[in-house]
1. Once phi is turned into ³J(HN,Hα) by the Karplus curve 6.51 cos²θ - 1.76 cosθ + 1.60 with θ = phi - 60°, what whole-Hz value does each residue of region 55-67 show in order, with x for glycine and proline?
2. Between Gln302 and Ala32, what is the FRET efficiency for a Förster distance of 35 Å, r being their Cβ-Cβ separation, to the nearest 0.05?
3. Report the Rg/Rh value for region 208-318, based on alpha-carbon coordinates and the Kirkwood definition of Rh.
4. Report the longest stretch of the chain that contains none of the GluC sites (Glu not before Pro) sitting in a DSSP loop with at most 16 other Cβ atoms within 10 Å.
5. When the chain is modelled as a GNM with alpha-carbon springs shorter than 10 Å, which of Arg205, Arg231, Arg167 fluctuates the most?
6. If R₀ is 30 angstrom, what is the calculated FRET efficiency for the pair Glu415 and Leu257, using the beta carbon separation as r and rounding to 0.05?
7. Springs between alpha-carbon atoms under 10 Å, Gaussian network over the chain: tell me which of Gln70, Gln379, Gln211 tops the mean-square fluctuations.
8. How high is the FRET efficiency from Arg5 to Asp97, r the C-beta distance, R0 22 Å, rounded to 0.05?
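None of the figures in this text is laboratory data; all of them are computed from the coordinates on show. All of these numbers come straight from a predicted model, not from anything done at the bench. Positions of Cβ are generated from backbone atoms using ideal geometry, with glycine treated the same way; all protein chains shown enter the neighbour counts.
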Amino acid sequence: MDDPRTPYLRWLPELEELVAIPSVGADPAHAADMERALAWLEPRFTDFGATTRIERSPGEQVLLADLPAQVRPETAPTLLIYGHFDVQPAGDLSLWDSPPFNAEIRGEWLYGRGVIDDKGHLVMYLEAVRAVLARQALTVNIRFLIDGAEERAGTLALDCMRRMTPRPDGCLIFDGPMIARGRPAFYVATRGTLAYHLNIRTGARDLHSGQFGGAALNAVEALITTLGGLRRGPDGRLPEPLRAGALPLSASVRAALPLMPEPLSYLAEQGTHPADAHVGADMYERLWAEPSFEINGIAAGQPALRHMAIPCEAQAAVSLRLAPGQEVETIAATAEAMLRAAVPAGAELTLTRRGASDPAVLPQSGPLLDAASDAFADQFGSAPLLIQAGGSLPLLTLLGDMSVVTVMTGLDLPEGNIHAPNERLLLEHLPAGTAILEALLSDKRFTR
Ligand SMILES: [Zn+2]
């Protein structure tokens with residue numbers, strides 16, 4: 001039988017070595033492994049001629065590496081390439097079919113923590129650059145920003161990016177999923193976040209429901225009434241004032257909608273149910289271009305007991321996702337006023353903001369996107385769809401604010417199990433991703 005490693009010997013030894021370093025950034029017990037990972041990475045960049053620098057802040061490290069173009073570096077554009085070397089913790093080892101930090105091939109997959117999030121992509125970067133340099137074909141100045149704190153939402157990489165002079169002409173991020181096998185995607189917008197804690201007080205003490213039931217104000221009921229102020233309407237949309245500023249989907253993103261997984265089966269696969277009868281028709285518009293409001297948790301009374309009391313206090317954690325185009329401060333003022341207006345007379349609301357981030361809106365066209373799109377189409381036979389993400393990524397918000405044309409993509413798959421046991425990389429994506437990068441880094445269209 002043929003050795004399954006044979007076609008992938010260009011990548012496997014390095015990827016296996018890197019996976020074997022358990023660079024779990026969130027766990028202080030792995031602090032030395034973060035340094036080992038840096039010590040493994042840095043010489044690989046200096047070996048092909050890059051100038052490297054390591055930036056540090058408490059608990060965070062970022063590796064920066066600058067590599068000049070081989071073709072007219074003075075006039076060549078500068079491409080920022082982002083990736084990260086920290087990984088999620090392995091979690092429950094009993095749920096892994098092979099040791100997480102010992103990469104193993106089974107079938108057409110390579111298994112291990114970090115194989116695709118994001119170490120596989122890092123090894124593709126290294127191999128592509130080596131190949132392009134060997135052909136004397138590097139047409140862009142590359143500035144690598146290899147983050148050691150992506151998985152714990154670090155801020156050092158963002159600071160490095162803000163300080164970067166001159167500003168990069170484009171950015172490439174391989175750290176995300178395709179829609180399905182053979183169907184790549186570029187992410188062009190994400191939602192923002194806005195979170196609150198609410199405390200409702202309706203009196204000095206809990207009361208007996210026999211003596212006061214039907215007469216005294218109930219804190220749980222007051223909380224529900226208050227939260228009702230932000231509730232979705234029957235069409236599944238939030239009240240109009242909370243939708244202010246939301247941008248409609250562009251024509252190119254709209255064109256991707258019919259190619260996305262069918263909403264109702266997508267929800268069923270996740271083990272959940274549609275929020276209302278319209279979700280089947282407009283799920284992606286909602287996830288990508290509408291704000292949402294979720295009650296994340298409620299605490300009040302003693303529900304475990306048969307306890308006929310009227311609670312005097314209730315609390316909730318809630319959060320909004322802001323649509324691309326919306327701004328945190330505007331929507332925060334609106335949401336806070338609506339919540340306060342919904343508080344029943346006699347109840348006292350204490351509202352505490354718990355963090356927020358603006359949505360990201362990235363340019364949707366330009367020579368870098370065209371070149372990247374062609375490179376993906378050459379490998380997969382279909383051009384990437386421009387799609388949006390319902391989640392939030394501060395890095396993209398910053399790139400959008402800086403108007404940096406960004407290719408946010410990756411060769412992970414929905415079945416890649418990132419952040420979960422048995423994380424895996426489709427082996428054939430190693431040559432595919434590397435070929436895409438080689439084409440892009442030697443493309444002559446992406447010039448200033
Ligand atoms: Zn990642």
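1. For region 55-67, the Karplus-derived couplings read 9, 9, 9, x, x, 10, 9, 9, 9, 10, 9, 10, 10 Hz, x marking Gly and Pro.
2. 0.15
3. Working: Rg = 19.4 Å, Rh = 17.2 Å.
Rg divided by Rh gives 1.13.
4. No qualifying site falls inside 109-326, the longest such stretch.
5. Residue with maximal mean-square fluctuation among Arg205, Arg231, Arg167: Arg205.
6. Working: r = 22 Å, r/R0 = 0.73.
After rounding, the FRET efficiency stands at 0.85.
7. The residue that fluctuates most here is Gln211.
8. 0.75
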